[in-house]
Amino acid sequence: MNNKTRRDFLKKSALGGAALAIPFSAKSYNNIIGANDRIHLGVAGINSRGGAHIRAAGRYNEDTKVIALCDVDNRLFGKTIAKFDNLNSKDITTYGDFRKMLENKNIDAVTIASPDHWHAPMAIMAMNAGKDVYCEKPFSHNPQEGEWMIQAQKKTGKVLQIGNQQRSSPTSTQLVKDIKSGLIGKA
Ligand SMILES: NC(=O)c1ccc[n+]([C@@H]2O[C@H](COP(=O)([O-])OP(=O)(O)OC[C@H]3O[C@@H](n4cnc5c(N)ncnc54)[C@H](O)[C@@H]3O)[C@@H](O)[C@H]2O)c1
């Protein structure tokens, strides 16, 4: 992929199409190109939704590479690596502690699919460690945590994106329109 196409890819940030999108800051983009021609990802919380992150990254195999998995349930590592074609055991480092994963300088961005109460602490720690972040909904566990996430984003300049697929999918927006227009009666 040439640089223009790569920039377009990053701008559109279409990792996983409508299902998952990860934008990257110009700074991390430069680091990526300098260090290796791929965006290196660490995925936290790999059971269910984390698998969707890994699968989505695989659609852009030339441009993204999952190099780290983090989960407190170490039984999941072997199964997950075996399940996805885009994961290769010799390239993957596994972590039981998210903070340790953040020490990996080769990781450009992390995706977070751990339970809700971990979203804010992980996202804030990741941005402070210089990683861009894609995090599952809900944004945070309570409004105060949301404020702290925004503060961390502003302070670090890292990219923070929250996945709320159901809000923006064409099926959902059409259904909302239909309901509002009275298709199933008065709301
Ligand atoms: N965007 C969407 O449309 C969408 C859809 C489903 C779920 N979600 C969200 O994704 C998140 C995960 O949902 P799920 O269904 O995959 O849950 P899950 O329980 O299947 O998976 C969560 C994983 O996180 C791991 N985990 C827990 N604490 C951890 C920690 N401190 N460090 C590392 N790993 C840890 C668990 O061991 C588990 O493997 C939830 O917040 C959920 O709301 C979003």
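Estimated from the Cβ-Cβ distance and a Förster radius of 25 angstrom, the FRET efficiency linking Asp91 and Asp116 is about 0.25.
With the simple model of a label 7 Å out from the Cα in the direction of the Cβ, Ser48 to Phe84 spans 1.7 nm. Does segment 112-161 classify as rounded, prolate or oblate by the C-alpha gyration tensor (a ≥ b ≥ c root eigenvalues; a/c under 1.5 gives rounded; else a/b over b/c gives prolate, otherwise oblate)? Since a/c reaches 1.5 but b/c is at least a/b, the shape of segment 112-161 is classed as oblate. Across segment 106-187, Cα pairs under 8 Å and at least six residues apart give a relative contact order of 26 percent. The lysine pair tally for segment 51-168, using Cα distances under 15 Å and a gap of 8 or more places or different chains, is 9. Were the residues from Ser181 through His141 laid out at 0.36 nm apart, the gain over their Cα-Cα distance would be 11.1 nm. Sequentially through segment 158-170, phi angles give Karplus couplings (6.51, -1.76, 1.60; θ = phi - 60°) of 6, 8, 10, 10, 10, x, 10, 3, 5, 6, 10, 5, x Hz, Gly and Pro residues having no value and appearing as x.
FYI, it's all coordinate maths here, none of it is from the lab. A quick note: this is a predicted structure, and the numbers were derived from the prediction, not measured. Note: ideal-geometry Cβ built from the backbone for every residue, glycine included; neighbour counts use all protein chains shown.
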